[in-house]
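Taking it in order: structure first as structure tokens, then the write-up.
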């Protein structure tokens, strides 16, 4: 039972890394290619948030490993999951955050995000019109994202009906 919890903690930590690759990688790529530096900032927020989540999973995993070792060595009551008694036997949360598996992975992503933000800021948007924020115009009843469409054509006044004449002989 303790082994299953350890496995879930490890899987959850790996899942946070997969989400980091997907979300932050997409934000950084779009930022650098389209000159939208602010997307890199969003990606950096994702990197920081998921690194804290992963650190917590790693810290909890270490506590459950200590519980498993105690259960194997000394035997513990069945279904005992009180892992907090091993807090002094594992690294603190801050040291866990600074471990190679957290800082090594997320630190590299943070550097990539800073580089993407700089590239996006220096290059600028691929199309200057892409950098404009859509504005709401009350007379359009919606968002106008570009130049106004041509006005509709004026209807012509009806003319007198033409009569068909037979073709000449």
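Descriptive notes on the structure:
- Within segment 23-36, being part of a loop (DSSP other than H, G, I, E, B) and at pLDDT 85 or above holds for one residue alone: 36.
To keep it simple, each residue is scored yes or no on (1) at pLDDT below 65; (2) in a loop (DSSP other than H, G, I, E, B); (3) closer than 19 Å to residue 28 by Cα.
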site: 95; (1), (2), (3): no, no, no
site: 117; (1), (2), (3): no, no, yes
site: 140; (1), (2), (3): yes, yes, no
site: 156; (1), (2), (3): yes, yes, no
site: 161; (1), (2), (3): no, yes, no
site: 169; (1), (2), (3): no, yes, no
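- Count of residues meeting criterion [part of a helix (DSSP H, G or I) and surrounded by fewer than 16 Cβ atoms within 10 Å (Cβ to Cβ)] in segment 1-22: 12
- Options 63, 50, 44: the member that is assigned to a helix (DSSP H, G or I), farther than 20 Å from residue 18 by Cα and either at pLDDT 80 or above or in contact with a helix residue (DSSP H, G or I) (Cβ under 9 Å, 6 or more places away or on another chain) (or both): 63
The values are calculated or read from the model by the stated rules, or taken from the named source; none is laboratory data. Owing to the predicted nature of the structure, the values given are computational and were not obtained by experimental measurement. No Cβ is skipped: glycine too gets one built from the backbone with ideal geometry, and neighbour counts run over all protein chains shown.
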